[in-house]
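Novice: Let me begin by handing over the structure; questions about it come next.
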Amino acid sequence: VTASADFGSDITATPRALVPVVAGPDVARPRLIHGPVTAVERVGDRYWVLRVAAPHIARTSLPGQFVMISIAAPDEPVIILPRPIAVYGVERDAGTIDLCIGVVGAGTRRLASLTPGVVTTVVGPLGRSFPLGHVTQHLLLVGRGIGVCSLTELSRAATERQIRVTAVVSGRHGGALVGVDRLGRHGAHVMTVTDADGTSDPDQLRASLLARGAISPPDMIATCGSDRLLELCSDLASGWDTTLYTSVEEHMACGLGYCHGCARPVSGTDHEGSLVCTDGPVFQVDRRSAVSAW
Ligand SMILES: Cc1cc2nc3c(=O)[nH]c(=O)nc-3n(C[C@H](O)[C@H](O)[C@H](O)COP(=O)(O)OP(=O)(O)OC[C@H]3O[C@@H](n4cnc5c(N)ncnc54)[C@H](O)[C@@H]3O)c2cc1C
Ligand code: FES
């Protein structure tokens with residue numbers, strides 16, 4: 001998978017052994033909702049947060065789940081595939097969800113141009129979520145660019161359970177950092193690192209995290225948005241003997257397990273591997289094998 005430079009991400013096609021997490025009994029069935037955009041906010045210099053009325057998704061989505069959102073209004077004569085977007089935030093009482101959009105192509109450009117009152121078609125909640133059940137003390141989140149959006153609700157869920165959260169937010173420069181305020185509001189201790197000032201360098205970040213981990217190693221790491229950070233997290237998880245989860249990005253057409261457009265290859269074969277939309281997007285990383293079948 002190659003993410004656009006506009007993302008601020010550095011996702012490459014490094015094959016890793018990814019193990020589907022077990023879907024819990026609390027996973028809700030997805031629904032198709034025609035939900036109006038109720039607010040739009042520009043964040044940093046490259047992101048837009050859309051607030052969409054979608055009560056079922058607001059009530060039932062779990063951390064790390066996503067929606068498929070159509071970029072055409074329901075009455076618009078345009079046939080175009082919906083786009084997968086992480087649930088960046090929920091307001092359960094108000095029945096709204098927040099979706100953070102980073103523009104990389106025509107679809108996300110169109111989403112970023114939506115204005116309050118426009119009715120979107122949203123299907124969700126979709127995919128498997130980050131499991132928090134075994135975490136008791138300290139959760140480490142490591143996200144880059146738009147990938148941070150898959151981690152924000154996990155931070156909220158963890159702090160609600162009195163779990164300490166450290167969140168590393170990485171981006172090209174200050175204006176490309178996503179979710180800093182939101183993670184802070186959710187109670188996370190946020191570390192920002194950028195390419196511009198050199199702090200996102202994996203060796204420097206490793207030293208900084210090891211210094212923190214020496215005091216209180218996390219009992220889970222969750223990462224999204226960068227293969228370099230996934231490598232770093234994998235090393236750290238091995239050293240700390242900690243469970244590592246990652247949320248994977250892939251092109252999707254249906255988001256529901258029908259089209260198989262999101263199937264991962266099994267390395268060295270022509271077999272079809274896990275479906276990112278229904279077996280993921282959250283996977284446990286098998287630390288024993290850096291290069292293996294999906
Ligand atoms: C589970 C999941 C959650 C996501 N959450 C968010 C989110 O919260 N906010 C957000 O802005 N985006 C998110 N994305 C990515 C988003 O779906 C894509 O950026 C979007 O579909 C691109 O559509 P487009 O028409 O703008 O660009 P396209 O014209 O389709 O593509 C533009 C460029 O982006 C690359 N690209 C497109 N889709 C992906 C993808 N899924 N993974 C990697 N590279 C891709 C293409 O190869 C191309 O280089 C998520 C993707 C997944 C699978
Ligand atoms: S997107 Fe259709 S099967 Fe995953």
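The values are calculated or read from the model by the stated rules, or taken from the named source; none is laboratory data. If you're wondering where the values come from, they're calculated on a predicted model, not measured in any experiment. Reconstructed Cβ throughout: ideal geometry from the backbone, glycine too, with neighbour counts over all protein chains shown. These area figures cover heavy atoms from the full protein model, side chains too; ligands, DNA and RNA do not enter into them. Shrake-Rupley method; radii C 1.70, N 1.55, O 1.52, S 1.80 Å.
Novice: Could you list, ordered by first residue, the pairs with Cβ atoms under 6 Å in which the first is in the range 91-110 and more than 17 Å from residue 185 (Cβ to Cβ) and free of Cβ contacts under 8 Å to residues at least 24 places away in the same chain and the second is part of a loop (DSSP other than H, G, I, E, B) and of a type in the set (A, V, I, L, M), at least 6 apart or interchain?
Specialist: Final answer for the pair search is 109/103.
Novice: Here's another thing I want to ask about it. Scan the range 60-89 residue by residue and report those that are away from ligand 2 (no atom under 16 Å from the Cβ), modelled with pLDDT of 95 or more and surrounded by fewer than 24 Cβ atoms within 10 Å (Cβ to Cβ).
Specialist: The answer is 60, 62, 63, 89.
Novice: Would you call residue 208 small (Gly, Ala, Ser) and free of Cβ contacts under 8 Å to residues at least 24 places away in the same chain?
Specialist: yes
Novice: Is one or more of the residues making up the range 227-246 within 16 Å of ligand 2 (Cβ to nearest atom) and either of a type outside the set (Val, Ile, Thr) or modelled with pLDDT of 95 or more (or both)?
Specialist: No, every residue in the range 227-246 fails to be within 16 Å of ligand 2 (Cβ to nearest atom) and either of a type outside the set (Val, Ile, Thr) or modelled with pLDDT of 95 or more (or both).
Novice: A follow-up question, please. Considering the range 258-268 alone, what residues qualify as being modelled with pLDDT of 95 or more and either open to solvent by less than 20 Å² (accessible area, probe 1.4 Å) or more than 8 Å from ligand 2 (Cβ to nearest atom) (or both)?
Specialist: Hit for the range 258-268 is 262, nothing else.
Novice: Please determine, by comparing only the residues of the range 109-120 that are of a type outside the set (A, V, I, L, M, F, W, C) and open to solvent by 20 Å² or more (accessible area, probe 1.4 Å), which one is farthest from the chain's Cα centre (by Cα).
Specialist: So, considering only residues that are of a type outside the set (A, V, I, L, M, F, W, C) and open to solvent by 20 Å² or more (accessible area, probe 1.4 Å), the one farthest from the chain's Cα centre (by Cα) is 117.
Novice: Please verify whether residue 220 is touching a residue at least 12 places away in the same chain (Cβ under 8 Å), of a type outside the set (Asp, Glu) and either within 14 Å of ligand 1 (Cβ to nearest atom) or over 25 Å from residue 21 (Cα atoms) (or both), treating the condition exactly as stated.
Specialist: In short, no.
Novice: So which pairs qualify, if the first residue must be in the range 248-264 and within 28 Å of residue 229 (Cβ to Cβ) and in contact (Cβ under 8 Å) with a residue 60 or more places away in the chain, the second must be open to solvent by 60 Å² or more (accessible area, probe 1.4 Å) and within 7 Å of ligand 1 (Cβ to nearest atom), the Cβ gap must be under 9 Å, and the two must be at least 6 apart or on different chains?
Specialist: Pairs that qualify, where the first residue is within 28 Å of residue 229 (Cβ to Cβ) and in contact (Cβ under 8 Å) with a residue 60 or more places away in the chain and the partner is open to solvent by 60 Å² or more (accessible area, probe 1.4 Å) and within 7 Å of ligand 1 (Cβ to nearest atom), are 252/83.
Novice: Okay, moving on. Identify all residues within the range 238-252 that are crowded, with 22+ Cβ neighbours inside 10 Å and either hydrophobic (A, V, I, L, M, F, W, C) or in a helix (DSSP H, G or I) (or both); write none if there are none.
Specialist: 244, 248, 252
Novice: So, residue 280, is that one within 14 Å of ligand 2 (Cβ to nearest atom) and either within 24 Å of residue 105 (Cα to Cα) or in contact with a strand residue (DSSP E or B) (Cβ under 6 Å, 6 or more places away or on another chain) (or both) or not?
Specialist: Considered against the rule, which asks whether it is within 14 Å of ligand 2 (Cβ to nearest atom) and either within 24 Å of residue 105 (Cα to Cα) or in contact with a strand residue (DSSP E or B) (Cβ under 6 Å, 6 or more places away or on another chain) (or both), residue 280 comes out as yes.
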